[in-house]
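The values are calculated or read from the model by the stated rules, or taken from the named source; none is laboratory data. Bear in mind the structure is a predicted one, so any value in this text is a computation, not a measurement. Note: ideal-geometry Cβ built from the backbone for every residue, glycine included; neighbour counts use all protein chains shown. In case anyone asks, the SASA skips ligands and DNA or RNA and just uses the protein heavy atoms, side chains included. Shrake-Rupley method; radii C 1.70, N 1.55, O 1.52, S 1.80 Å.
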Amino acid sequence: AQRVTQPEKLLSVFKGAPVELKCNYSYSGSPELFWYVQYSRQRLQLLLRHISRESIKGFTADLNKGETSFHLKKPFAQEEDSAMYYCALNQAGTALIFGKGTTLSVSS
Amino acid sequence: KAGVTQTPRYLIKTRGQQVTLSCSPISGHRSVSWYQQTPGQGLQFLFEYFSETQRNKGNFPGRFSGRQFSNSRSEMNVSTLELGDSALYLCASSSGLAPNTGELFFGEGSRLTVL
């Protein structure tokens, strides 16, 4: 069965520290993966997708098919990065399956 | 460009009642997806509609249903409400066409409380 696992409910780091939000997936086909973010009192929004291989707000994510992972990384966390982060898998091109999310808290 | 609009934003119902939630997608978007968000289960996929047809369905009981109109607006209905249906119901729209099927634009949600 298709599944997205985010093992950490909460990740707390200090400003300037590196961040890695973990995401593992289970999918029989060729995966299409995304990271979505929800800042306080804002709508859930797309952060980045693995196909574009771009860096958004300093975040990058690499798809590792061997380890079935799509971890989100940022070398130096900022306080404005504090938010809820969701990893998502595009199932059959018609449904996004989300992990349960990780709350990132960045303190000074 | 107006964002995804959901109505009503908040509602309170009692067990056994039914509820209808509405979603207006971004202009030009033909796909509408619905999600149930709860603290324990996170975001769970309910169903996706594209051009008035249900293309995919999550693992929810038949009490949960939806439809899409010719103008792409969508409604979802929950009948015989149970306490466990209390949740934030999120609607998201997209073009529905590859390669952008995973780029969803979310509404603010409809907060349903079942007493």
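Data table
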item: Those lysines that a straight Cα-Cα span of less than 27 Å connects to A:Lys73, excepting residues fewer than 8 apart in one chain; result: A:Lys9, A:Lys15, A:Lys22, A:Lys57, A:Lys65, A:Lys100
item: Cleavage-rule hits (chymotrypsin sites (Phe, Trp or Tyr not before Pro)) in the range B:1-73: DSSP loop, at most 15 neighbouring Cβ within 10 angstrom; result: B:Phe69
item: Average accessible area per residue (Å²) across the protein assembly as shown - probe 1.4 Å, nucleic acids and ligands excluded; result: 48
item: Where chymotrypsin sites (Phe, Trp or Tyr not before Pro) fall in DSSP loop in the range A:20-105, at most 13 other Cβ within 10 Å; result: A:Tyr39, A:Phe76
item: Chain B - percent of accessible surface contributed by carbon and sulfur, probe 1.4 Å; result: 49
item: Phi to ³J(HN,Hα) by Karplus 6.51 cos²θ - 1.76 cosθ + 1.60 over the range B:41-55, Hz, x for Gly, Pro; result: 9, x, 8, 10, 6, 9, 6, 10, 10, 9, 6, 6, 10, 6, 9
item: B:Gln17-B:Phe69 FRET efficiency (beta carbon distance; Förster radius 22 Å; 0.05 resolution); result: 0.40
item: Chain A, accessible surface, carbon-and-sulfur percent (1.4 angstrom probe); result: 49
item: Whole-percent pair-distance distribution, where bins are 5 Å wide, for the alpha carbons of chain B; result: 2, 13, 24, 26, 19, 10, 5, 1, 0
item: Qualifying GluC sites (Glu not before Pro) for the range A:4-57 [loop in DSSP, other Cβ within 10 Å: at most 11]; result: A:Glu54
